[in-house]
Amino acid sequence: MTRRPFIAGNWKLNLPPEPAAEVARKLRHLLADRGNVDVAVFPTALSITAVLDCLQGTGIEVGVQEVHPAASGAFTGANSPAMARKIGCTRALVGHSERRQIFGETDRGVNQKVKACLAHGLLPVVCIGETLEQRQADQVDLVVHGQLATALDGLQPDQLSALTLAYEPVWAIGTGQTATPDQAQAVHASIRGWLRAHFPAYVAEEMRIQYGGSVKPANAAELLRCPDIDGALVGGASLDPDSFAGIITAVG
Ligand code: 13P
C-alpha cells in the first residue's frame with residue numbers, strides 16, 4: 001500500500017508568537033500547492049494560537065509539543081490533551097528524546113500520554129530512537145523495540161491508526177549528522193517488523209514512520225525514497241519557511 005507522506009516541523013523552544021505567525025504566513029503561501037503530503041507544525045505552546053490563526057483553512061495542522069495525561073487539575077506547567085484539542089490542535093508529540101533526556105520522560109509516561117491523547121481525539125506522534133552509545137553497543141533494535149512495546153502497551157489495533165511513529169536517532173538530532181538512507185531504512189524496517197509481529201498485518205502496513213534527525217532540503221528526497229520512510233520530523237530546518245517548504249516539495 002502507499003502511505004501518504006507526512007512532514008512535520010518541531011519548532012522546539014523557538015519562535016515566540018509574532019515570529020511564529022510570520023513563519024506560518026509564509027508557509028501558507030509556499031505550501032498552497034503542496035500536493036499529496038500531510039503537513040503539521042508544532043510551535044511552542046505560547047505560540048500555538050497565533051499560528052492557528054494564520055493557518056486556518058490551509059489544511060496545515062498545528063500540534064502541541066508536550067501533553068500531560070490529566071485533562072485538568074493541579075499540574076502546574078502542564079498542557080492537557082483535552083485543552084489542546086479544544087483550541088484547535090490536532091496532534092501531539094510524545095516521547096521526544098529531549099523530553100526523555102532533559103525532563104525525565106519514561107516509556108511508561110509515554111504510554112499514559114498516548115492513551116490520554118487518544119481519549120481526547122489528539123493524534124500522537126510517538127518518538128523513539130537510540131543514543132550513540134546504544135548504537136555503538138549494537139542495541140538499536142533492542143532499544144527501539146523496548147520503547148515501542150511500552151509506548152503501545154494496552155492499545156487495541158484499531159487505535160493505532162491514530163498514531164504516527166517518528167524514528168529519531170538521538171545522535172542525529174541537531175548535530176548535522178543525518179543517518180544515511182540505509183541506516184534509517186534498516187531501523188524503519190525493523191520497527192515495521194516489530195509491528196507485524198505484535199499486531200494484525202494492516203497495522204504495520206498503514207503505520208506512517210517518520211525519520212527525524214538533521215533532515216534538510218538536500219537530504220529529504222533520498223531519505224523519503226526508502227520504502228519504510230513515510231515522512232520526516234524536522235527540527236532546525238523547519239524554523240526557516242523556505243527550507244521547510246523545500247523539504248515538503250522534495251517529497252510532494
Ligand atoms: P533537527 O532536525 O534539528 O536535527 O531536530 C530533529 C528533531 O528533534 C525533530 O523532532
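The values are calculated or read from the model by the stated rules, or taken from the named source; none is laboratory data. Predicted model, so just to flag it, every value in this text is computed and none were measured. No Cβ is skipped: glycine too gets one built from the backbone with ideal geometry, and neighbour counts run over all protein chains shown. Protein only, heavy atoms only, side chains kept; ligands, DNA and RNA dropped before computing areas. Shrake-Rupley method; radii C 1.70, N 1.55, O 1.52, S 1.80 Å.
Kindly establish whether Ala137 is at pLDDT below 95, more than 29 Å from Arg85 (Cα to Cα) and hydrophobic (A, V, I, L, M, F, W, C). Criteria not met by Ala137.
Every residue, every condition in (1) within 25 Å of Thr2 (Cα to Cα); (2) touching a Cys at 6+ places or on another chain (Cβ under 7 Å); (3) in contact (Cβ under 8 Å) with a residue 40 or more places away in the chain, yes or no:
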position: Gln112; (1), (2), (3): no, no, yes
position: Asp153; (1), (2), (3): no, no, yes
position: Ser190; (1), (2), (3): yes, no, yes
position: Ala197; (1), (2), (3): yes, no, no
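Restricting attention to the range 81-97, report how many residues are β-branched (Val, Ile, Thr) and in contact with a Ser or Thr (Cβ under 8 Å, 6 or more places away or on another chain).
Quick first cut of the range 81-97, residues β-branched (Val, Ile, Thr) only: 87, 90, 94.
Now restrict to residues that are in contact with a Ser or Thr (Cβ under 8 Å, 6 or more places away or on another chain): 87.
Matching residues across the range 81-97 total 1.
The residues in the range 1-42 that are of a type in the set (Val, Ile, Thr), touching a helix residue (DSSP H, G or I) at 6+ places or on another chain (Cβ under 9 Å) and away from the ligand (no atom under 16 Å from the Cβ) can be counted, and the count is 1. In this structure, Val37 qualifies as at pLDDT 95 or above and within 21 Å of Ala162 (Cα to Cα).
If you check Glu105 against the conditions, is it in a loop (DSSP other than H, G, I, E, B), open to solvent by 10 Å² or more (accessible area, probe 1.4 Å) and free of Cβ contacts under 8 Å to residues at least 24 places away in the same chain?
Details: in a loop (DSSP other than H, G, I, E, B): yes; open to solvent by 10 Å² or more (accessible area, probe 1.4 Å): yes; free of Cβ contacts under 8 Å to residues at least 24 places away in the same chain: yes.
Criteria met by Glu105.
If you take the residues in the range 186-243 that are hydroxyl-bearing (Ser, Thr, Tyr) and open to solvent by less than 10 Å² (accessible area, probe 1.4 Å), which one is nearest to Trp171 (Cα to Cα)? Among those that are hydroxyl-bearing (Ser, Thr, Tyr) and open to solvent by less than 10 Å² (accessible area, probe 1.4 Å), it is Tyr211. You will find that of Gly231, Gly212, Gly236, the residue that is under 12 Å from Phe6 (Cβ atoms), of a type outside the set (Lys, Arg) and in contact with a Gly (Cβ under 8 Å, 6 or more places away or on another chain) is Gly212 and no other.
Taking the range 172-185, which residues are within 10 Å of the ligand (Cβ to nearest atom) and surrounded by 14 or more Cβ atoms within 10 Å (Cβ to Cβ)? Within the range 172-185, Ala172, Ile173, Thr178 meet the criteria.
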